[in-house]
Amino acid sequence: MEKFLILSATGPWYEFFYNLALFVALGVLIFEGWKRKFPMLKWVLLLIISRILFIAGTKIVTIPGYDWMLLFTQFRLPEAPGKSLLGGLLFGGAGLLAGCYFLKFKRNITDAFAIVLPLGIAIQRMGCFLTGCCFGKTCSLPWAVQYPVNTLPHYHQFNDQLISYPDALSLPVHPVQLYEMGGMLAALFLLFYFRKKLKRDGSLFLFSLILIFTVRFVTEFFRDAHAHAIGGEMTGLLNTTQIFLIPVILLVFFILRFREKHISTGFQTISGKDIPLTPAFLLFFLLALVFFTLKNWFTFPERVALILTFLVAFGIFGFQFIGQFYRAPYKWAYLAGFVLPFFLMAQTLPYSSSDSVYVKKYKSLKFGIATGKFENSHNIGTGDGCDRVSQTEYFKQKYTVAAAALEFTEEQPIARTEFTYGAKLMLGSHNETRISDNKEKNSFLVGVTPYASWESNWLGFGGGLHFGNLSFITENLQKDGSGRPESGSTFVPVYPQLYMRAGLRRWIFAEYRLADHFPSALPGFRQQLALGTGLGLDNGTNLRLGFNTDAIYFLSGRFPIENKIVLEPMVLWGKFPIYNYPDTEKYSYQFSFGLSYRFGHSEGYRSPR
């Protein structure tokens, strides 16, 4: 019997790679804008507009026409049954064109997207591969893969009667997601190779589109018809997507060839005037208001992606604000006043024959406990929108965990930076009760987490990996499939940890955390989006108020005492969206408390790394 690769398809890998792709793309675009000397406020606003419309476009083109009647009869946006990359490119491109016209952006921006598009698609396809969406046709090749129950390949093969009820795995299928990822990486190689050979501005972007569409055309031969939200219907040997792509590829190719033969000066090469700060903030606020209004229409990974975009934009706006705060006639005096204290402090440092950096180091031993009790739901069904037939179960969740960690911290007081790394051990129990029949499931939790983080005055980021017998309690979950929902939580052996902050940490900042919390973010504190303040202090004190990207809110703090003890309390409360089910609690709570003891303090000078 042949052996094929079997994927567990558990864990948040789709949302992780989805947000990683969009975040990497955002970072590359910010860098491209800085390198090309774009007006940065206009550029950031353009990126927000295009990001919102790109994500919306992936959904809009998949919604059937009759579902749009919900907009007029029930005054709500219809749910999208899937996503379409081509729809995202169409709406995102339209948003860029409209934004350039509205903001009077006179520079050629298209080449800035030439590398980003295939790079982002390549990263995202790894998430599709690990979770089973965008799956391939059945095959018996040695590199074929199989997926378990509650994945799209297994679900569609079961409905097509290719497998039966006892089959725990799907038939082996082409890893078409990896085919497409490999094609995008090859496209990146060709783009870098021809980057200096193309003569006109915009030609690199057109070449990128040709490569992307060609890779998609080829991989469609290996993609299953059920893996399409739109465009999977067959006409002869080709599907609708391929028939659409053939004239598009030819049209873009002839445009590229014509442009390369007729050289012109193209767009302006000067940097251009940026938008004033006040109208820029007003437009930023308007875009944030649009996002807030539509937030329930976006899925959870989409909300996180847009939140990260707004956080990065917030940080850039903060830098621009500081840069324009001082009046021009006095800017040199302010600059001298800013630099002089550092110059005077430098004169008090011991002389060294080589440059040195003043550092403080200490270790931290941390202990903590977290507990929670609340409800959630799990829905499994078939169909979309009003035609969905499904079964929903409600679950009571209770957990208690304790953790210990050892951390190592190095501070550079002059640069106001801090680097921390360490490891954490977590032990606990998780009890889940299905409300309909009081069926209980008790689980023992254990996890080890290596992690690291870096903090500066304006920015902070970090990450890690959780290993062990881990559970995370999902927000109210909806999946395609059949059968009765057995659990409202998910068990995984590995889970990623992520932390991002933008803003002046002494006064006000915004941050996002994925599974980053002490004593433990799993199973209950998985998502955190917050605004915080350091209360004007430089010792690491902070107070944070936020929500878990749903209707649940939290208040937390970090309070150092005499540079020896650190207290970290947190309380989370809210109204869970289970309004009419009997015997459920409308309001639920979670609480955690961490205690750190700092020791092994030292300070001195070292050579810069």
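The values are calculated or read from the model by the stated rules, or taken from the named source; none is laboratory data. Keep in mind the model is a prediction, meaning the values are calculated, not measured. Note: ideal-geometry Cβ built from the backbone for every residue, glycine included; neighbour counts use all protein chains shown. The area values use the complete protein model at the heavy-atom level, side chains included, leaving out ligands, DNA and RNA. Shrake-Rupley method; radii C 1.70, N 1.55, O 1.52, S 1.80 Å.
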Do you know which residues across the stretch 527-546 are part of a loop (DSSP other than H, G, I, E, B) and open to solvent by less than 10 Å² (accessible area, probe 1.4 Å)?
Gly534
So which residues in the stretch 404-449 are in contact (Cβ under 8 Å) with a residue 60 or more places away in the chain and closer than 30 Å to Pro485 by Cβ, if there are any at all?
Met426, Gly428, His430, Ile435, Leu445, Gly447
Residue check for Thr269: at pLDDT 80 or above, closer than 19 Å to Leu29 by Cα and either surrounded by fewer than 14 Cβ atoms within 10 Å (Cβ to Cβ) or among the hydroxyl-bearing types (Ser, Thr, Tyr) (or both):
no
Residues that are touching a strand residue (DSSP E or B) at 6+ places or on another chain (Cβ under 7 Å) and over 17 Å from Leu141 (Cβ atoms): does the stretch 180-200 have at least one?
no
How about the stretch 547-560: which of its residues are more than 16 Å from Ala370 (Cα to Cα) and either open to solvent by less than 10 Å² (accessible area, probe 1.4 Å) or at pLDDT 85 or above (or both)?
Thr549, Ile552, Phe559, Pro560
Based on what the data block shows, is Lys3 free of Cβ contacts under 8 Å to residues at least 12 places away in the same chain, outside any helix (DSSP H, G or I) and open to solvent by 60 Å² or more (accessible area, probe 1.4 Å)?
yes
Are there any pairs, at least 6 apart or on different chains, whose C-beta atoms fall under 9 Å, with the first in the stretch 21-47 and within 19 Å of Leu117 (Cβ to Cβ) and the second of a type in the set (Ser, Thr, Tyr) and open to solvent by 40 Å² or more (accessible area, probe 1.4 Å), and if so, which?
Arg36/Ser271; Phe38/Ser271
Out of (1) in contact (Cβ under 8 Å) with a residue 40 or more places away in the chain; (2) touching a strand residue (DSSP E or B) at 6+ places or on another chain (Cβ under 9 Å); (3) surrounded by fewer than 20 Cβ atoms within 10 Å (Cβ to Cβ), the one Ala94 does not meet is (2)
Does the stretch 419-458 hold any residues that are outside any strand (DSSP E or B), open to solvent by 40 Å² or more (accessible area, probe 1.4 Å) and hydroxyl-bearing (Ser, Thr, Tyr), and which are they?
Ser436
Please state which one of Leu141, Leu185 is part of a helix (DSSP H, G or I) and farther than 27 Å from Val492 by Cα.
Leu185
For a quick check of your reading of the model, give me the residue pairs whose first member lies in the stretch 243-259 and is over 10 Å from Leu206 (Cβ atoms), whose second is open to solvent by 30 Å² or more (accessible area, probe 1.4 Å) and modelled with pLDDT of 90 or more, with beta-carbon atoms closer than 6 Å and at least 6 apart or on different chains.
Leu245/Phe217
Being at pLDDT below 90, open to solvent by less than 50 Å² (accessible area, probe 1.4 Å) and not in a helix (DSSP H, G or I), is that true of even one residue in the stretch 150-169?
yes
Can you tell me which residue in the stretch 508-526 is least open to solvent (accessible area, probe 1.4 Å), limited to those that are free of Cβ contacts under 8 Å to residues at least 60 places away in the same chain and more than 23 Å from Gly422 (Cα to Cα)?
Phe509
Ala112 is checked against (1) open to solvent by 40 Å² or more (accessible area, probe 1.4 Å); (2) among the aliphatic types (A, V, I, L, M); (3) closer than 28 Å to Leu188 by Cβ and fails just one. What number does that condition carry?
(1)
Assess whether Gly463 counts as being free of Cβ contacts under 8 Å to residues at least 60 places away in the same chain, open to solvent by less than 20 Å² (accessible area, probe 1.4 Å) and out of contact with any Cys (no Cβ under 8 Å at 6 or more places or on another chain).
no
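Of all residues in the stretch 561-583, which are open to solvent by less than 30 Å² (accessible area, probe 1.4 Å) and either at pLDDT below 85 or out of contact with any strand residue (DSSP E or B) (no Cβ under 7 Å at 6 or more places or on another chain) (or both)?
Residues satisfying the conditions are Leu572, Gly574, Phe576, Ile578.
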